[in-house]
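I have placed the structure first, in the form of C-alpha cells, so that the comments after it can refer back to it.
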Amino acid sequence: MKPVALVRMKAVLYLHTIRLWRYKWSFLNMILSEAAWVFLFVLGSLLFVPKEQLTTVVKGAFWVIVAWSMISNFSSLVGGWMRFFISIGMVEEHLLRGFSPFKTLLGRLVTGSTVIISSLLFMAVLVKGAFNVDLLTVDQIALLIIGMALLAIESLSYGFTVAAISMRTSVPGNLLEILNLGVIGLMMIPIHSLPERTRLIYLCIPYTAPSHLVKIAISSVPPELVREALILSTMVCVTMLIFAILAMKLANLWIKKNGVKAIGFW
Amino acid sequence: MALRTLFKSGVVLDIYFFKNNRSAFLFTLIWPYLTLTLIIGMGYLFGSAESFKQNVGVSVDPLMYFIASTLATMVSLDVMWGIGGSVLEHRWIGTLPYILLSPNRTSITLVLTYIPRYLLNAGIQLAEFAPLIFVVEGFYGGLFRLSIVILAITLGMLPLLGFSALFTSFLLSIKEESNVLGWLNPLILLFSGAFYPAYLLPRWARIISKALPSTYTIELARLSAIIGSPELRKITLLIGALVAMSVIYNSASGLLIQAGERKAMRKGAI
C-alpha cells in the first residue's frame, strides 16, 4: 500500500474511533435503547409460544434480531451519517483533496460493529435472564460466520447506496425504518412454512438467504436448501455490492459537476 | 401569558407541524398498525392463540389484547416523549432559554402546549383502530370495548402528565436528556407490561411496575380484550388506582418541579 493511502486509512480509523469515544454516552444509549425496544416487542410475540417450544423459538428469534440489528444499524449509522458529513461541509473538503467522501464513510464500520456487537451481548444477557436460554451456543459456527459476513456485506452495500442517493435527493429516515421492520418480518418466516415452489424466490430477496443460513447454523430450522442459499446469497451480495459501488461513483461524478446539495438522510 | 394562550399556541403548533411535515404525519398513521402486525404476525408464526391464552392465564382475544396494548402504549409513550422530548426539541431549536425565562413555569408551558398534541394523536390512533375493532367485535361489542380503551387513555393521561413533568425537571437538571430518554422510555414501558403482562414479570420488576401510572392505563385498556364482559370491580379498582396516582404524581410534580427548574436556571442548563 502507498504511504499516502496508509496515512489516509489511519486518519479515517482514528476519526471514527475517537468519535466513538467522545460520544460514548450517546452510543451507550443507542445500545441500551435498541436492546430494550426489541426486547419489548419480542416479549409480546413470545406469549404465543407453547412452553415446550420456547427454547428453540427464543434462540431463532434472537439470531434473526441480531441479523436485523446489523441491517438497521449499518443503514442508519452509515447511510444516516452522510447528512452530518454534508452539513459540516466536509464533502467538499475531501473532494478538493482528492479523497472520496465515501472512503471516509467506510470508517463507520468501526462504529456500526461496536454498536452491533455490544447490543448483541446485552440482548443475550437480557434474554438469558428472562428465559434461561443459552443463546450463544452455535451448532455450525462456520455457517453462522458465513451467514453473518454475507449479511454484513449486503447491509453495508445498502447503507452506502442510501448514502449515495442522499447526495442527490432526500431520503426519509422514517420510511427506511418501516422498510427495515418489513425486513425483520420477512426474515422471521421459516422457509419450510412456504409452498415448495416459492422457496427459491423467497431466497432471492435480499437478506433472506443469509438469515436462512444463520437459522440453520443455530438449528432453529431443518438444514434444507443450504447450497442454494449459499449460491443465491453470494449472488445477491455481489449484485448489491456492484450496485453500491456504481451508485457511489455516479454520486461522486454528479457532485463534481453540480456541487453538493445539503439534503442527506433525515 | 394566559394559560388559554398557551393551550391555543399548542393547537396551532401541532396543526402546522403536521401540515409542514407530511412524512411525519404518514409515519404517525402507519406506525401503530406496523407494531401490531409485527407482534401478531411473529406471534402466530411462532405459536397459536391457544398457547397465548394459556400463557396469559386469562381468556382473552389476542387481537383485541394487542390493539388495546398498542393504543395504551402509544399514548403513554406519547405523553412521556411529548413532554420530556420537548425539552430536547426546544434545546435543539434554541427556544429553551425563552421558555425558561417566560413568565409561566417551564413545566406548565410544556404540559399545556402538549395537551392538544396528546388529544390529536390519541384521537388519530383511536380513529385508526376503531374500524378494525368494529369489524372484529361487531357494532355494540366494538362500542363497548372502544369505550373501555377511551376511558383508559383519558384517565391514564392525568397521572402521566404529573409523572412526565417530574421526568422533565429531572432531564432539565441532568442536561443529558437525549441519552436518558432513549433507553428510559422503553424500559418504563417494559416494566409497565406494555406487550407482556406486568404480573408475569419477576417479583422485583413487579414492584417497580406498581409505581408506574402507565401500568394501570395499559391494564385498564386491556380489560377490553377479555372474552365476555370484564368485571366491574376490576374496572373500578383500576380507575381508583389511576385517580390516586394522579393526585400523588401531580402533587409531587408541583412541589419538585420548581426545584428542578431553579437548578437548571442556576446552572445554566440550557
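Residue by residue, what Karplus-based ³J(HN,Hα) values in Hz, rounded to whole numbers, does the stretch A:53-61 have, using 6.51, -1.76 and 1.60 with θ = phi - 60° and x for Gly and Pro?
The phi angles translate into 9, 4, 4, 4, 5, 4, 5, x, 4 Hz.
How far is helix A:108-131 tilted, in degrees, relative to the longest principal axis of the Cα atoms in chain A, given as a value from 0 to 90 rounded to the nearest 10?
Once rounded, the angle reads 20 degrees.
May I ask for the distance between the Cα centers of the stretch B:56-103 and the stretch B:123-156, given as a whole number of Å?
Using only Cα atoms, the two centres lie 19 Å from each other.
Against the longest alpha carbon principal axis of chain B, how many degrees, from 0 to 90 and to the nearest 10, is the axis of helix B:22-46 turned?
Taking Cα atoms only, the helix is inclined about 40 degrees.
Dipole of the stretch B:3-267, Cα-centred, from +1 at each Lys and Arg C-beta and -1 at each Asp and Glu C-beta, to the nearest 20 debye?
The calculated dipole for the stretch B:3-267 is roughly 780 debye.
In deg cm²/dmol, rounded to 500, what helix-only [θ] at 222 nm does chain B give when every DSSP H run of at least 4 residues adds -39500 (n - 2.57) and the total is split over its residues?
Theoretical 222 nm ellipticity from helices: -29000 deg cm²/dmol.
Please compute, over every Cα-Cα pair in the protein assembly as shown, the percentage with a separation greater than 31 angstrom.
52 percent
Please name whichever of B:Leu220, B:Ile108, B:Ser147 sits farthest to the positive end of the charge dipole of chain B, dipole taken about the Cα centre and charges placed at Cβ: Lys and Arg +1, Asp and Glu -1.
Value: B:Ile108.
Kindly provide the trypsin sites (Lys or Arg not before Pro) of the stretch A:26-107 that DSSP labels as loop, not H, G, I, E or B, and whose Cβ sees at most 11 other Cβ atoms within 10 Å.
Answer by residue number: A:Arg97.
Cα convex hull of the stretch A:3-258: how many Å³ per residue? Intermediate results must be reported in sequence, preceding the final value.
Details: hull volume 36.5 nm³, N = 256.
Value for the stretch A:3-258: 143 Å³ per residue.
Computed over the Cα atoms, what is the radius of gyration of the stretch B:3-267 divided by 2.2 N^0.38 Å, N being its residue count?
Ratio of Cα Rg to 2.2 N^0.38 Å: 1.03.
Find how many whole Å separate the alpha carbon centroid of the stretch B:13-50 from the alpha carbon centroid of the stretch A:1-47.
27 Å
Considering amide H positions built from the backbone, and no H for Pro or chain starts, which residues 5 or more places from B:Ser102, or on another chain, come under 5 Å of its amide H?
Close amide H contacts, sequence-distant or interchain: none at all.
Which residues' amide hydrogens lie under 5 Å from the amide hydrogen of B:Val60, considering only partners 5 or more residues apart or on another chain, with H built in the peptide plane?
Residues meeting the criterion, in which the H sits 1.01 Å from N, are B:Ile227.
Using just the helices of chain A, give the 222 nm mean residue ellipticity in deg cm²/dmol: DSSP H runs with n ≥ 4 each add -39,500 (n - 2.57), and the total is spread over all residues, rounded to 500.
-24500 deg cm²/dmol
What is the mean number of Cβ atoms from other protein chains located within 10 Å of the Cβ atom of each residue in peptide A:50-59, rounded to a whole number?
3
Of all the stretches in chain B, which is the longest one without any exposed loop site, taking GluC sites (Glu not before Pro) in a DSSP loop (any state but H, G, I, E, B) with at most 16 other Cβ atoms within 10 Å?
Segment B:1-175 is the longest.
Summarise the partner chain shielding of B:48-57 as one whole number: the mean count of Cβ atoms from other chains within 10 Å of each residue's Cβ.
The shielding value for this peptide is 4.
What list of ³J(HN,Hα) couplings, whole Hz, do you get for the stretch A:221-230 from phi and the Karplus terms 6.51, -1.76, 1.60, once you set θ to phi - 60° and write x for glycine and proline?
9, x, x, 9, 6, 5, 4, 4, 5, 5
None of the figures in this text is laboratory data; all of them are computed from the coordinates on show. None of the values given here were measured: they were computed from a predicted structure. All Cβ positions, glycine included, derive from the backbone under ideal geometry; neighbour counts span all protein chains shown.
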